[in-house]
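Reviewing the structure listed below.
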Amino acid sequence: MTKDYIVFMDFDGTITTKDVGYEMFRKFTEGRTQPVVDLYRRGEVNSYTCLKTECQIWNRFPPAETEVLKYLNNQDFTGGFDRFIEMMNESDIRTCIVSEGFDFYINALLNSNGYPGLERITNKAVYKNGKIIPEFPYLGQGCGECSNCKGFHINRLTDPKTSAVFVGDGHSDFHGARAADIVFARSFLKEALEKTGRNYFEYGDFYDIIEIWKKISSRKLFAFSGRLSFCRASGDRREDFENLWQNGEVMKNVGYPAGLNWNRQQYDDFWETLNNRNFILFAVEDKKGNFLGEAKLSFPGEDNCCSHDVKLLPEYQGKGYGRESWLLLLELSRRRWPESVLEVTPSIDNEAAIELYSSLGFEFDGEQGEWNPPRGTPGAVTVHYRRMIKH
Ligand SMILES: [Mg+2]
Ligand SMILES: [Zn+2]
């Protein structure tokens, strides 16, 4: 299984064209479940209360099982879903359905449509004598509000080095979207993301997702914001990175006013061992694919500190790209290590960096020091720095 991506998908209204669960309850209770769903959609009750109440209403006058099965047999899957799953399997990418719906109808639909082995995490229910007895195995986990928090599962199943992708459409998808690095949204979820300013890809069906996915995978896209894309660094982008590191204007604040001046062997070693490091290196690109610089997402050390970093080519400095890169880094960091402390050590002369860090909430913690270049490094100089941290 590749570690580059993991794909989480909502079920109702995402994989199926209709919100199967919601419409099933509404149809067979003659609309009596609608008021509690309205309360849920307005945020006045949580999904647990909503689902439990829907079951209670259903169980007062349980419909004939044959009618329910007939209804389930008439549900359609969203166009392109089969092709998308095939594509993920071919690329060795793990896919997982995360749903607040109930297993009895989700399993029935997946199994009868040819997906018996597709991984799924759902609520459970015993469906017997027409009654639905719900069980919520993940209740209280994660946010504490959702009956089966998608954010909780995405956080626990995603390796920090992996980009988590989420596809959704509804109210129960907000926490899933917040925990994911790349989001595909339509309907209610799209409207909610519009309000928060979160960037997403819009889709109508899985054929749209497939088209966008081709670009995502060819660029190794990891996450993105309004103007910027973070693309996973690899040897095929080495020329851009090495030009950046050879640029004295870029490197002067970290002690290399004449550029890094590594020899071929040092660079080769770096690219060969890049995947074993305790950070992820990104190419920062604009939407046209121009290389603007690098961003580094660092894993917390033993002291629980993360030292993320951004370096941009001179022609892209002073245009707000540095700030936008940092905001995206902070988001990625918060998703992975919400408890860690962030640390930067700007050179005392680097006023632009200090101003940027201050505006992002970093504060001087009194520690200062000097960094000395390794012996025998041509053109490198001592850097005096002050430490800033952000909790
Ligand atoms: Mg849905
Ligand atoms: Zn939640």
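The values are calculated or read from the model by the stated rules, or taken from the named source; none is laboratory data. Quick caveat, the model's predicted, so the values are computed rather than measured. Cβ: placed from backbone, ideal geometry, glycine included. Neighbour counts: every protein chain shown.
Return the residue satisfying two criteria in turn: it lies in the range 287-302 and is more than 15 Å from P314 (Cα to Cα) and not hydrophobic (A, V, I, L, M, F, W, C), and of such residues it is surrounded by the most Cβ atoms within 10 Å (Cβ to Cβ). My answer is S298.
This table checks each residue for (1) assigned by TED's automatic domain parsing to the domain that holds K161; (2) assigned to a helix (DSSP H, G or I); (3) closer than 15 Å to L228 by Cβ.
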site: L297; (1), (2), (3): no, no, yes
site: E302; (1), (2), (3): no, no, no
site: R334; (1), (2), (3): no, yes, no
site: A352; (1), (2), (3): no, yes, no
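Every residue, every condition in (1) at pLDDT 95 or above; (2) away from ligand 2 (no atom under 16 Å from the Cβ); (3) touching a helix residue (DSSP H, G or I) at 6+ places or on another chain (Cβ under 9 Å); (4) farther than 26 Å from F174 by Cβ, yes or no:
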{"residue": "I15", "(1), (2), (3), (4)": "yes, yes, yes, no"}
{"residue": "G21", "(1), (2), (3), (4)": "yes, yes, yes, no"}
{"residue": "V36", "(1), (2), (3), (4)": "yes, yes, yes, no"}
{"residue": "R41", "(1), (2), (3), (4)": "no, no, yes, no"}
{"residue": "R60", "(1), (2), (3), (4)": "yes, yes, no, yes"}
{"residue": "N89", "(1), (2), (3), (4)": "yes, yes, no, yes"}
{"residue": "D92", "(1), (2), (3), (4)": "yes, yes, no, yes"}
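The residues of the range 149-191 that are touching a Leu at 6+ places or on another chain (Cβ under 8 Å), part of a strand (DSSP E or B) and within 13 Å of ligand 1 (Cβ to nearest atom), listed by number, are G168, A185.
Checking the structure you have, find out if any residue of the range 8-23 is surrounded by fewer than 20 Cβ atoms within 10 Å (Cβ to Cβ), over 27 Å from the mean Cα position of the chain (by Cα) and assigned by TED's automatic domain parsing to the domain that holds F174. Yes; the residues of the range 8-23 include at least one that is surrounded by fewer than 20 Cβ atoms within 10 Å (Cβ to Cβ), over 27 Å from the mean Cα position of the chain (by Cα) and assigned by TED's automatic domain parsing to the domain that holds F174. For the range 356-384, a tally of residues being under 24 Å from L329 (Cβ atoms) and without any contact (Cβ under 8 Å) to a residue 40 or more places away in the chain returns 13. Picking from residues in the range 153-173 that are closer than 30 Å to S234 by Cα and within 11 Å of ligand 2 (Cβ to nearest atom), the one that is surrounded by the most Cβ atoms within 10 Å (Cβ to Cβ) is I154. Take the conditions (1) of a type in the set (S, T, N, Q); (2) buried (at least 16 other Cβ atoms within 10 Å of the Cβ); (3) part of a helix (DSSP H, G or I); T122 misses just one of them, which is (3). As a summary of the residue check, G130 satisfies the conditions (1) surrounded by 18 or more Cβ atoms within 10 Å (Cβ to Cβ); (2) touching an Asp or Glu at 6+ places or on another chain (Cβ under 7 Å) except for the one numbered (1).
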